[in-house]
Each structure stands twice: as structure tokens, then as C-alpha cells.
Amino acid sequence: MFIYREGDPAGTYIIPQVSHAWLAWQVAQHWGNRSFTRPAPRAETLAAVLLHDCGWTEFDAAPTGGENGRPRAFNTMPAEEHLDIWRASVARSAQHSRYAALLVAAHFGAMAERKTADLLEAGDTAGARLAKSFGAEMERREESWREELGVDARYQPFLEGPGREANALLLDACDRISVFLCASFPSPIEVRAQNASGEAETICLEAVDATTWRVHPWPLEGDRLRIQCEGRRLADTSFASDQKLQKALDRAPTARLVFTLLRSSAVG
């Protein structure tokens, strides 16, 4: 599922999910200061952020078009196909780290609840049942990994309670920030993260321009963070066939897209 970035003076870009996840990882890598909890265990939590959308790799390499001629997005593809991609993301994350996979499973389990409600509202009861079943499956995977990892002192503080909640919020916050930046959503936007007191706190991002955002309260190291992802610039956004879509993607130039996050008191 590509993320579309439209309205850019240089043209329309499509950003692969794995590049979006890389952008999220760059935010997570610099997350934490005296006011906000740092990721711990660090390697595994950062891996969860980087790998959480790795199941999209094959789809993004050979996408198919929807009714509007664009590559199909998660909210327009059949529920079963979408859930299988989430499932693949969890399984591949587990090949790296069970704790990372636990966080990814919880992330998609929560998203499955929202997807179930959306499908019911759209009248897709069969899809809603699949999404609800997927959520239960993720809960079972989480419980199994919690039991396995519970004997390891490295993970014990982060399987339940504030330690677990901090990492779950971190994955969600970095995912959302990356999506907002890539898609150039309207400002302001809000995410939630655990502060140094162990409470969930709202963080607001306000756009200065198309690539620069002021952030308050500031959850990162230093006073500013410059991050990047890569996208392909398209001359057209709708295609008559999957073959024409693939040909356009193959020919589209790749560009580096740069974003800057600023502490509210930072100059320029």
C-alpha cells in the first residue's frame, strides 16, 4: 500500500510502506529525553518500528489498481488480503525478535478493532468477522510470546504495565507521525506518548511549511530532527491497467524527501 503525497510543487509522489516505516524508525531512534520515556529494550523496540509494515513488500513491488486506477490501498482491498499482509508483517518481525513481533501484533490487533467497526459500518459483515478473528489471533500470539519471554530478565519489565505501554505508544506515535509527514495531512496533528511520569501525554505537531513541523511538547533528543524517506514521482495518478501502472512505477524517478521536526522554541 503506497502512501500518496500530493500537492507538492515538484509533483505527486508515492511512498512505499517500507520507506514510511524507515521514516518512523528515524523518529523512534531519537525518541526520549528528560520529559519522555526512551524505548527499552531499545534494539527490539526500534526493530518493531522499522519492521511493522514489512508484509507490504511484495504488494508494493507489484501493486494492482483499484476502481480509480490507483494502487489499491488497505481500505479498498478485500479484508482477507489486507489481514494477510498484517499477518505477514508479524511473522517476519518474529524472525528478527519475538519481543518486536509482540509489539507489532499488539499494534495490528488494536487496528483490527477499528477495522472491524469500519467494516460493520460499511455493511461488510463477512470482512468484519475476519477482522475480529484476526484480532483474537493476535491476542493469542501476544500471550504466547509473553509466556516465552517472561523467563528472560531482559524482557520482564516490558511485557506488561508501564514498560509495555510506553513501547506500544511509541510504535503508534512514530507510525502516525510518519504517515502524517508522508501524506502531508492538514495541520495540526496529535499523537500520544508516555512521559517521564509514566502517563500518556498528547503531543501536537503543527506545520511551518510542507516539510517542517513544530512539535510541542518536545519528545526527542536535541532541538530539531531532520529525517528522510524515498518516494517515486509520478506524472499521472490514475492508470488504465495494472500493466500501465507497473510500467509507470518502473520508469518513475526516485527522490529523497526530507522533513524537519522542530522544538517549539527552536529558531528557524
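The values are calculated or read from the model by the stated rules, or taken from the named source; none is laboratory data. These numbers come from a predicted model, not from an experiment. Cβ: placed from backbone, ideal geometry, glycine included. Neighbour counts: every protein chain shown.
Pairing residues of the stretch 30-53 that are more than 14 Å from VAL104 (Cα to Cα) with residues that are in a helix (DSSP H, G or I) and among the β-branched types (Val, Ile, Thr), at Cβ distances under 6 Å and at least 6 apart in sequence or on separate chains, gives PRO39/THR45. Closer than 23 Å to TRP22 by Cα and either touching a Phe, Trp or Tyr at 6+ places or on another chain (Cβ under 7 Å) or part of a loop (DSSP other than H, G, I, E, B) (or both) - does that describe any residue in the stretch 104-111? For the stretch 104-111, residues closer than 23 Å to TRP22 by Cα and either touching a Phe, Trp or Tyr at 6+ places or on another chain (Cβ under 7 Å) or part of a loop (DSSP other than H, G, I, E, B) (or both): present. Looking across the stretch 54-84, the residues that are under 22 Å from GLU139 (Cα atoms) and without any contact (Cβ under 8 Å) to a residue 40 or more places away in the chain come down to CYS54, GLY55, GLU81, HIS82, ASP84. Taken together, the residues in the stretch 149-189 that are surrounded by fewer than 16 Cβ atoms within 10 Å (Cβ to Cβ), of a type outside the set (Lys, Arg) and either assigned to a loop (DSSP other than H, G, I, E, B) or touching a Leu at 6+ places or on another chain (Cβ under 7 Å) (or both) amount to 9.
Does SER144 satisfy being surrounded by 22 or more Cβ atoms within 10 Å (Cβ to Cβ), at pLDDT 95 or above, out of contact with any Ser or Thr (no Cβ under 6 Å at 6 or more places or on another chain) and of a type in the set (S, T, N, Q)? Here the answer is no, as SER144 does not meet what is asked.
So is SER178 of a type in the set (Ser, Thr, Tyr) and in contact with a helix residue (DSSP H, G or I) (Cβ under 8 Å, 6 or more places away or on another chain) or not? Can you show your working first?
Values: of a type in the set (Ser, Thr, Tyr): yes; in contact with a helix residue (DSSP H, G or I) (Cβ under 8 Å, 6 or more places away or on another chain): yes.
In short, yes.
The set of residues in the stretch 196-247 being small (Gly, Ala, Ser) and touching a residue at least 40 places away in the same chain (Cβ under 8 Å) consists of ALA196, GLY198, ALA210, GLY222, GLY231, ALA235, SER238, ALA240, SER241. Among the residues of the stretch 118-138, those that are within 26 Å of GLU160 (Cβ to Cβ) and either of a type in the set (A, V, I, L, M) or in contact with a helix residue (DSSP H, G or I) (Cβ under 6 Å, 6 or more places away or on another chain) (or both) comprise ALA131, LYS132, PHE134, GLY135, ALA136, MET138. Identify, from the list ARG176, ARG140, the residue that is of a type outside the set (Gly, Ala, Ser), touching a strand residue (DSSP E or B) at 6+ places or on another chain (Cβ under 8 Å), free of Cβ contacts under 8 Å to residues at least 24 places away in the same chain and under 24 Å from ASP53 (Cβ atoms). Going through ARG176, ARG140 in turn, just one is of a type outside the set (Gly, Ala, Ser), touching a strand residue (DSSP E or B) at 6+ places or on another chain (Cβ under 8 Å), free of Cβ contacts under 8 Å to residues at least 24 places away in the same chain and under 24 Å from ASP53 (Cβ atoms): ARG176. Take the stretch 25-51 and flag every residue that is part of a loop (DSSP other than H, G, I, E, B) and in contact with a strand residue (DSSP E or B) (Cβ under 8 Å, 6 or more places away or on another chain). HIS30, GLY32, ASN33, SER35, THR37, ARG38, PRO39, listed by residue number.
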